[in-house]
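What follows is one structure encoded as structure tokens, with my remarks underneath.
The values are calculated or read from the model by the stated rules, or taken from the named source; none is laboratory data. If you're wondering where the values come from, they're calculated on a predicted model, not measured in any experiment. Ideal geometry is used to build each Cβ from the backbone, glycine not excepted, and the neighbour counts take in all protein chains shown. What goes into the accessible areas is simple: the full protein's heavy atoms, side chains included, and nothing from ligands, DNA or RNA. Shrake-Rupley method; radii C 1.70, N 1.55, O 1.52, S 1.80 Å.
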Amino acid sequence: MSALIVTSLSVRYGTHHVLRDVDLDVRQNERVVLFGPSGVGKTVMLRAIAGLEPGAVGQVVLAGRDVSRDPPEARHLGMAFQNFALYPHMPARENIASPLRARKLDTAPIAAKVKSVAELLRIDHVLDHFPRQLSNGQKQRTALARALVGEPKLILFDDPLRNVDAKLRYEMRIELPRLLAKRETAAIYVTQDFREAMAIGDRVAVLIDGEIAQFALADEVYDRPATIAIARLFGDPPMNLIAAHGQARGSGTLVRAAGLVFGFDAAPPREPVFGIRPEAVMLFSEPETGRVAAQIVAVTPMNERYLVLLRTEDGTELVASHDTPPPHGSHIWIGAEPGLGALFDAATGLCVAAAPSSEEIAA
Amino acid sequence: MILKSLRGVALLLVVLFFMFPIFWIVVMSLQTNAEILSLPPKLIFPPTLMNYTALITGHLKTSVGTLNIAFMHNLWNSFLLSALSVIVALVLGVPAAYAFARYKFRLGEDMAFTLLSLKFAPPLLVLLPLSLEFQRVGLDNTYIGLIWIYQLITLPLILWIVRGYFEDASPDIEYAYRVDGHSWLKGFLKIAIPLARPGIAAAVVLSIIPTLAIALYAQRWLVEGLSLGAVKG
């Protein structure tokens, strides 16, 4: 049984369609990331699932129960908000206990459950503090504890790490999947940070202009973005997109981009664009067959990696990203990691094929 | 150093100047009629509580005879009227303020503004037609009639001040409470109202002040509320 099945969910504000016939399913204990640029309807989608969008049309089935007509209080979800949304006039303990109070549990079990979840999140020493006395990290954990305490089958996270500092974000990125696995809870996690999406999501749903543009395993979205738009959004630095020449060869296509040649198992697209991740751009200090001469334009260290901006002889600019510094000298040779890269059609914006075979450069 | 003490002296003079009328009223309240009217005014006199006794008992004994004054009755009337009209305004105004803050509906802004505009209207403008009309329907000289009229003053005040407080509180806090499993009404009573409480207190005090100065009672909220209320208008 799925934790959540959403069928043709639509939300309209006046004449503006925020969501258009969106389908989504979340399996038990699965973490699905809802990824997309800001203002694309990610939050609206979460709110619609939680029952907070009165105008939402479509079906929402939670753990086999159709809740499409149910108010939020009858859906038994957990939710963590971007701004924490703690109750300022209640101490952390009461904030966390709120879902249990709603179920009219007795004092003793409430105290026990609050204590156990607070220990899990390491905030048991600040339970008597009011939200204004908590640090941002503690606020974050209190909000998380409140979402977890009722042991919901599904928790909705609305970009909960957006407003916290980098260190905390890094910690939570590692801790959250562990927590969710421990509590056996499925989750939908909204973010516009692809690193977070990769770290947290089993599957990633990319939402663009109110529609799900791709819903696949995180690695697949990374290696084979379904559209050029996704390739531009998902990744930092994003995938290199190079205008290419395609030429039919048997049932496949021989693609030439930036002087490199690849074979793809698909008919040649109308306007071929070759996409390659910066990590898949290999740098060499020596020429060899299959390598192309390039010039280093700039080197930028970023997150213990080196971003290298390159220009090939035909004027194509592309970015390489590696954890070692590039070879010395401004003139180097580049190649592509075998099997990585994707072929798009700029006319339709769609991905045509991925995982190319390496080809010898035809003279 | 000298400058500092000069500044102190100057401040003291200013305070004395502005406090003098109040001081003089206090002094007069402890004098008899004759002493009050004597020229030059006396600063040394045998103090009397006669005036206070007269106010409380309702009989002022003078050399000419006894004068009946209905001060306590009027005070009680004022208190009752302002209390009742504020309660009515709260019951009507707070939910309305919430609705104006949280929901967009047709003519919503127009309604809110119309209510506010009642505060701009000079009271004299409505005095004559209203009293004539009230006489016709038998509402003149009744508490209900007055409480009704007081809504023209208190309702817009409460509506507009409290609305600002509801708008300042993030709706996510109420959403979170509902997702926790609480009904809308419970969220309104346990989250929205407590968060708007300083605003509600300020609005209550501001609507009562015109008739009563019981403000000291709520001093903590008053100071906070007044300063915030002043900013929000």
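Tabulated data
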quantity: Most positive-pole-ward Cα, B:P95, A:L19, B:L132, against dipole of the protein assembly as shown from beta carbon charges; calculated: B:L132
quantity: Label-point separation in nm, B:L16 to B:S131, each point 7 Å along Cα→Cβ; calculated: 4.6
quantity: A/B buried area, accessible surface, summed, 1.4 Å probe, Å²; calculated: 1600
quantity: Sparsely packed trypsin sites (Lys or Arg not before Pro) within region A:174-280, loop by DSSP, other Cβ within 10 Å at most 14; calculated: A:R270
quantity: Nonlocal amide H pairs with A:M282, under 5 Å, H built at 1.01 Å; calculated: A:G335, A:A336, A:E337
quantity: Percent carbon-and-sulfur accessible area, the protein assembly as shown, ignoring ligands, DNA and RNA, probe 1.4 Å; calculated: 62
quantity: Per-residue [θ]222 nm for the protein assembly as shown (sum of -39500 (n - 2.57) over DSSP H runs n ≥ 4, rounded to 500); calculated: -13500 deg cm²/dmol
quantity: Residue-by-residue Karplus 3J(HN,Hα) for region A:85-90, coefficients 6.51, -1.76, 1.60, Hz, glycine and proline x; calculated: 6, 7, 7, x, 9, 10
quantity: Quotient of Cα Rg and 2.2 N^0.38 Å for chain B, N being how many residues it contains; calculated: 1.39
quantity: Exposure rule at most 16 other beta-carbon atoms within 10 Å, DSSP loop trypsin sites (Lys or Arg not before Pro): chain B longest free segment; calculated: B:107-233
quantity: In sequence order, calculated HN-Hα J values of region B:133-141 (Karplus, 6.51, -1.76, 1.60; Hz; x Gly/Pro); calculated: 5, 5, 4, 5, 8, x, 9, 5, 6
quantity: Cross-link partners of A:K139 among lysines (Cα-Cα below 19 Å; sequence separation of 8 or more within a chain); calculated: A:K113, A:K115, A:K167
quantity: Highest-fluctuation residue, B:F105, B:F79, B:F166 considered, GNM on chain B with Cα pairs under 10 Å; calculated: B:F105
quantity: Within straight-line cross-link reach of A:K42, aspartates and glutamates at Cα separation under 16 Å, skipping those fewer than 8 residues along the same chain; calculated: A:D21, A:D23, A:D25, A:E53, A:D158, A:D159, A:D193, A:E196, A:D209, A:E211, B:D172
quantity: Average accessible surface area per residue within the protein assembly as shown, 1.4 Å rolling probe, Å²; calculated: 53
quantity: Mean shadow area of chain A over all directions, Cα convex hull, nm²; calculated: 21.3
quantity: Dipole magnitude of region B:72-232 about its Cα centre (Cβ charges: Lys, Arg +1; Asp, Glu -1), debye to nearest 20; calculated: 160
quantity: Pairs of lysine residues in chain B - Cα separation under 25 Å, sequence separation of 8 or more or cross-chain; calculated: 7
quantity: A:I208 long-range amide H proximity, modeled H, under 5 Å; calculated: A:A213
quantity: Spin-label model distance (nm) - B:V27 vs B:N77, 7 Å beyond Cα toward Cβ; calculated: 3.4
quantity: GNM flexibility winner over chain A from A:Y222, A:Y87, A:Y189 (Cα, springs under 10 Å); calculated: A:Y87
quantity: Residues with amide H under 5 Å from that of A:A3, placed H, sequence gap 5 or more; calculated: A:V26, A:R27, A:Q28
quantity: Test item: B:181-188 mean partner chain Cβ contacts at 10 Å; calculated: 4
quantity: Choice from B:V162, B:V14, B:V205 with maximal GNM fluctuation in chain B (Cα, 10 Å cutoff); calculated: B:V14
quantity: Listing of region A:102-133 residues, each with accessible area lower by at least 50 Å² in the full protein assembly than in the chain alone (probe 1.4 Å); calculated: A:A102
quantity: Label point distance in nm, A:I174-A:E271, each placed 7 Å from Cα along Cα→Cβ; calculated: 4.5
quantity: With at most 16 other Cβ atoms within 10 Å, longest stretch of chain A clear of loop GluC sites (Glu not before Pro) (DSSP); calculated: A:1-183
quantity: Lys/Arg +1, Asp/Glu -1 at C-beta; the protein assembly as shown dipole; positive extreme among B:M1, A:T324, A:G275; calculated: B:M1
quantity: Note, ³J(HN,Hα) from phi for region A:222-235, Karplus 6.51, -1.76, 1.60, rounded to Hz, x at Gly and Pro; calculated: 6, 7, 9, x, 5, 9, 5, 4, 5, 4, 6, 7, 8, x
quantity: Residue-averaged beta-carbon neighbours from other chains (10 angstrom radius) around A:80-87; calculated: 5
quantity: Minimum 20 Å² accessible area buried by the other protein chains, region B:150-174 residues, probe 1.4 Å, relative to alone; calculated: B:D172, B:I173
quantity: Low-density loop positions, trypsin sites (Lys or Arg not before Pro), region A:32-75 - DSSP coil, at most 14 other Cβ in 10 Å; calculated: A:R69
